[in-house]
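Colleague: Got a structure here, written out as structure tokens. Questions coming.
No value in this document is a laboratory result; all are computed from the given coordinates. Source: prediction; values computed, not measured. Ideal geometry is used to build each Cβ from the backbone, glycine not excepted, and the neighbour counts take in all protein chains shown.
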Amino acid sequence: MNLTLLIPELTLAFFAALVVLLDFAVKQKKTLAIVSIIGLLIAGGIAVAMWGGGYAPLFNKMLALDNFAVFFKLLFIGTATLAVLFSMDYAARFSHIQGEYYALLLLATLGMMLMSAATDLISVYIALELTSISLYALVGFLKDSKSTEASLKYLLLGALASAVLLYGMALVFGYTGKTQLGDIAGVLQSMKLSTLASSPALILGIVLLIAGFGFKIAAVPFQMWVPDVYEGAPTPITAYLSVASKAAGFAVIIRVFFSAFTQPWLSLNWGIIFAVLAAISMTIGNIVAIPQSNIKRLLGYSSIAQAGYLMVGLATIGFSAVTDALGRSSILFFLASYAVTNLGAFIAIIAISSKLDSDQIEDFAGMGKRAPLLALALTLCLVSLIGIPPASGFMAKFYIFSAAVKHGLLWLVIIAVINSVISAYYYLRVAKVMWLGEAPSAERVPSGGALRLALIISCAGVIILGIMPGFAMKLAEFAAKIVVF
């Protein structure tokens, strides 16, 4: 066992403990954010050094270090770093527990990093619970009625989803006698098609796995927690949850289904399930987002629709019998694009809402005059979410839809394109209110230096990935070559 391969994770664990201890000693609480960022940057630097190192199993093949895991580690670390940056001013609302806030943020990131590296059903579940418990606590940090309700709802529904997931894992283990993903694949590959087709326990196990993971990525019909949790949680946590948690969910789904259920008949059938869920999720997410008046609830339903677009990639993996890396690499690129886009949108919303003390869309009227740079940044991110060039969202959808068409999913791509047009209505409605609405006041909207830095980084990512996607796509293609043993 080589613990040096887990240095990024051990670094975050050390700094999480350090932040809690420092909370007792320092009066200037922004020091805690700076220490957290230092820990994240150290972990990120070590992860970068691990890129291209090949496959290495850990803990008797319960974890793996490969380019797929490193890609997601860097994505999670980057997301967490931005989250800490734009939390520095917002965290003053709970100044007496800032140490716990940043420590839980680091621990949630640690759990997500382990999720992307997990190659055993047991390690998948442990990593997922470490992430979930940290997020349950973070959602309730404001301790007001909405935040408490959101945290409780997230906890109860999350516990139910975890039970469903664990039952699915138990059925798969009971049928195959294995928990390691590669071993499960070996057992299933050796079976005859007639045996697999007449195995209700295995099929039910896979369906329950999809249901359990579906909760984590906010796919319909497992999305019932999203609107209330997004509205009630502290806005930085809503932003982090919408990006990092979703990326972790897709990372573990790709790892599990690509590694364990590669048998062609199984692959085709779970591909069909994801295709149907994709069509339903993007349609319901977009339609229900239209009448929303709260910007956080609107982006909550938007995230459900975005999960639908991402599941087009999962369906592509299934229909290609997991032999084509294009479906996997397009999901990875989409997640990177979605991360910078959604974070950028939420950063602008944090600055505006903090001044207005309101998340109502109608209160954003006149922001084009009061805070033109914030309004411009939010508009850019909304345009990217629609999928309009030159923003990164266009290239993300182009890659994922191209892969789907290549493998016979033209009908699903047509539904996705129609939904993208529908989404333009409610995204551009926000932009219209900001630029054409009458401002009730001419007072400017201030923002802290850390928040502005985070916003600049996010918007730069949206533009760079949109006009120069080649390099990022090559990294995604390299990371998508998952090794299974």
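Colleague: Arranged by the count of other C-beta atoms within 10 angstrom, fewest first, what order do THR195, THR235, THR81, THR148 take?
Modeller: Arranged by neighbour count, lowest to highest, THR195, THR235, THR81, THR148 become THR195, THR148, THR81, THR235.
Colleague: To check my understanding: the extent here is largest minus smallest coordinate of the Cα atoms along each principal axis. What are those three numbers for region 3-479, in Å, largest first?
Modeller: On the principal axes, region 3-479 reaches 72, 53, 42 Å in Cα extent.
Colleague: May I ask for the angle, rounded to the nearest 10°, between helix 295-319 and the longest principal axis of the chain, with both axes built from Cα atoms and the value confined to 0 to 90°?
Modeller: The two axes meet at around 20 degrees.
Colleague: Once you place label points 7 Å from the Cα toward the Cβ at GLU362 and TYR55, how far apart are they in nm?
Modeller: Placing both labels 7 Å beyond Cα along the Cβ direction yields 5.8 nm.
Colleague: Another question, then. Can you grab the distance from the C-alpha centre of region 459-482 to the C-alpha centre of region 156-230, Å, no decimals?
Modeller: Each part reduced to its Cα centre gives a spacing of 31 Å.
Colleague: Sticking with this one: If you rank VAL20, VAL312 by fewest surrounding Cβ atoms within 10 Å, what's the result?
Modeller: Ranking VAL20, VAL312 by Cβ neighbours within 10 Å, fewest first, gives VAL20, VAL312.
Colleague: Measure out, as a whole number of angstrom, how far apart the alpha-carbon centroids of region 25-58 and region 417-451 sit.
Modeller: 34
Colleague: Where Lys and Arg each count +1 and Asp and Glu each count -1, what net charge lies around LYS481 among other residues with Cβ under 15 Å from its Cβ?
Modeller: Surrounding charge for LYS481 is 0.
Colleague: Taking the chain as the reference, fit the longest principal axis to its C-alpha atoms, fit the long axis of helix 121-139 to the helix C-alpha atoms, and give the angle between the two in degrees, 0 to 90, nearest 10.
Modeller: Helix 121-139 sits roughly 20 degrees off the main axis of the chain.
Colleague: Can you sort CYS459, CYS381 from fewest to most other Cβ atoms within 10 Å of each residue's own Cβ?
Modeller: Working: CYS459 25, CYS381 28.
By the 10 Å Cβ count, ascending, the order reads CYS459, CYS381.
Colleague: Between beta-carbons, use under 15 Å as the cut-off and find the net charge around LEU453, counting Lys and Arg +1, Asp and Glu -1. Don't skip to the end; give the middle numbers.
Modeller: Details: positive: LYS30, ARG452; negative: ASP89.
Here the charged neighbours net out to +1.
Colleague: Which net charge results when you count Lys and Arg as +1 and Asp and Glu as -1 among the other residues whose beta-carbon is under 13 Å from that of MET88?
Modeller: Working: positive: LYS29, LYS30, ARG93, ARG452; negative: ASP89.
Neighbour charge sum, excluding MET88 itself: +3.
Colleague: Using the scaling law 2.2 N^0.38 Å as the reference, what is the normalised Cα Rg of region 36-87?
Modeller: Normalised by 2.2 N^0.38 Å, the Cα Rg of region 36-87 equals 1.25.
Colleague: So what is the calculated 222 nm ellipticity per residue for the chain, using -39500 (n - 2.57) for each DSSP H run with n of 4 or more, over all residues, to the nearest 500 deg cm²/dmol?
Modeller: Helix contribution divided over all residues of the chain: -25000 deg cm²/dmol.
Colleague: Go through LYS192/LYS397; LYS30/LYS153; LYS406/LYS474; LYS73/LYS143; LYS27/LYS146; LYS30/LYS73 and tell me which ones have a Cα-Cα distance over 27 Å in this structure.
Modeller: LYS192/LYS397; LYS30/LYS153; LYS73/LYS143; LYS27/LYS146
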